[in-house]
Every structure is written in C-alpha cells, then in structure tokens.
1. Can you give the relative contact order of the chain as a percent, counting alpha carbon pairs under 8 Å and 6+ residues apart?
2. Tally the DSSP beta bridges in the stretch 1-101 and give the antiparallel ones as a percent, rounded to 5.
3. Return the long-range amide H neighbours of V130 (sequence gap of 5 or more, or a different chain), with a cut-off of under 5 Å between placed amide H atoms.
4. In whole angstrom, how far apart do the alpha carbon centroids of the stretch 30-45 and the stretch 49-108 sit?
5. With θ taken as phi - 60° and the coefficients 6.51, -1.76 and 1.60, list the Karplus ³J(HN,Hα) couplings across the stretch 127-136 in order, rounded to whole Hz; mark glycine and proline as x.
6. Counting only helical runs of four or more DSSP H residues, what would the 222 nm mean residue ellipticity of the chain come to if each run contributes -39,500 (n - 2.57) and the total is spread over all its residues?
7. Considering amide H positions built from the backbone, and no H for Pro or chain starts, which residues 5 or more places from L4, or on another chain, come under 5 Å of its amide H?
8. With contacts defined as alpha carbon pairs under 8 Å and 6 or more residues apart, what's the relative contact order of the stretch 93-147 in percent?
Amino acid sequence: MRILVQTEPFDVAALTQGFGAGAGAVVTFTGLVRGDDGLKALEIEHYPGMTEASLTRHAQAAVDRFGLSDVLIVHRHGRMAVGEPIMMVATAARHRRAAFDAADFLMDWLKSRAPFWKQEIGPDGPRGWVAAQDADEAALDRWADAR
C-alpha cells in the first residue's frame, strides 16, 4: 500500500510500473481539474499528518473489504491549473470486479469524505470553497460503512 500527498505533478505510468504484480486485475483512475464555467485553477488544502492517516485507514478498509493485493492513492494539494492531474487511485486484486469495486469505493470516499478543502479560482480570483454535492453523497451511500 502506498499513499502519497504532494504538491508535485505525478507520472501515472511511472507510479504504476510494476504495480499489482501477480494480480489478475489492475484498475487505475486519474482525476483532472475540469475547465467548467471559466475555471482557471483549483486550490486544494489539507492538514498534513491527519490527511495521510485518514487516507491510509480508508485504503486499508478497501484492502480488507475487497481482498486487494495492492492499493495506491496519490492526491495533490496546492494550486493546479485546468487539465492538470489532481489525484489517482490504483487497485490490484485477483479478479476484475474486486479491483473495479475497490477503485469505485475509494473514489466515492475521496470525493466526499477525504480531508481536503477545494477552492475554485476563476478569472477574477477565488470563487469560494467547493461544497459537497448531493450526487457525491448519494454515491457514497452505496458503501454504508464508508462514512
């Protein structure tokens, strides 16, 4: 298991080189900064130490729940421009369904509960903090024990 919280951009190919060796399935997901509504950048804050501990606990929950052989979570903080990668999740399991479900489980939790705070930056400066969305909360409800 690897958890990385960093400001630097990351290379998905380099991070996943050799990931999940011996597994029957590897699933990866990378989230990018969207350019919706004139968005210029996204600023993400977190509490060092607390964030990594929280991500580690949830990654371990995914390992236990889905029988993963490996998991990788990378999440950036700081300022990111439109099109830059924000985060990625990789899961490895014996079977594809477990790898897909585990990646989905982690993504739903990261979107709604991970201790990151996001502020949108528009052409005129900060627009405010991003609030939780009903659709994200509904997605998290699928995993009743994930809250």
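The values are calculated or read from the model by the stated rules, or taken from the named source; none is laboratory data. From a predicted model like this one, the values you see are computed outputs, not experimental measurements. As a convention, Cβ positions derive from the backbone with ideal geometry for all residues, glycine included, and neighbour counts pool all protein chains shown. Accessible surface areas use protein heavy atoms only, side chains included; no ligands, DNA or RNA. Shrake-Rupley method; radii C 1.70, N 1.55, O 1.52, S 1.80 Å.
1. Details: 272 pairs, mean separation 46.2, N = 147.
Computed over the chain, the figure is 31 percent.
2. Details: 18 of 23 bridges.
So the antiparallel bridges in the stretch 1-101 amount to around 80 percent.
3. Those lying under 5 Å, H to H, from V130 are K118, Q119, E120.
4. 20 Å
5. Karplus values, whole Hz, x for Gly and Pro: 9, x, 7, 7, 8, 4, 9, 4, 5, 5.
6. Numbers: 4 runs with 47 residues, N = 147.
Helix contribution divided over all residues of the chain: -10000 deg cm²/dmol.
7. Hits under the 5 Å cutoff: I73, V74, H75.
8. Details: 33 pairs, mean separation 17.9, N = 55.
The normalised contact order for the stretch 93-147 reaches 33 percent.
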